[in-house]
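Following: one structure in C-alpha cells, then a few remarks.
The values are calculated or read from the model by the stated rules, or taken from the named source; none is laboratory data. As the structure is a prediction and not an experimental result, all values here were calculated from the model. Surface areas here come from the heavy atoms of the whole protein model, side chains and all, with no ligands, DNA or RNA. Shrake-Rupley method; radii C 1.70, N 1.55, O 1.52, S 1.80 Å.
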Amino acid sequence: MADDLATEMFARHRNLLFTVAYEMLGSAADAEDVLQETWLRWS
C-alpha cells in the first residue's frame, strides 16, 4: 500500500520535478538522471 502511494505521489509530481531539474541543469538528459536518482531515493 505505501509503495503504491509513493509511486502515485511521484508520478503526480514528475512533470514539475522534471521542469525544475531542467531549468537548473539545462539538459533534458541530466534532468532525467536527476529524476531517476530521486525516484530511487524516494522509494
| task | Would you mind getting the Kirkwood hydrodynamic radius of the chain from its Cα pairs, rounded to one decimal in Å? | result | 10.6
| note | Here region 14-29 yields Karplus 3J(HN,Hα) values (6.51, -1.76, 1.60; θ = phi - 60°; whole Hz; Gly and Pro given as x) of 4, 4, 5, 4, 4, 4, 4, 5, 5, 4, 6, 9, x, 9, 5, 5
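Where the accessible area of the chain is counted over protein heavy atoms with a 1.4 Å probe, how much of it, in %, is carbon and sulfur?
58
Using a probe radius of 1.4 Å on heavy atoms only, what accessible surface per residue do you get for the chain? Whole Å² is fine.
83
With each run of n ≥ 4 DSSP H residues scored as -39500 (n - 2.57), what mean residue ellipticity at 222 nm is computed for the chain after dividing by its residue count and rounding to the nearest 500 deg cm²/dmol? Before the final figure, lay out the partial values.
Values: 2 runs with 39 residues, N = 43.
Calculated at 222 nm, the ellipticity per residue is -31000 deg cm²/dmol.
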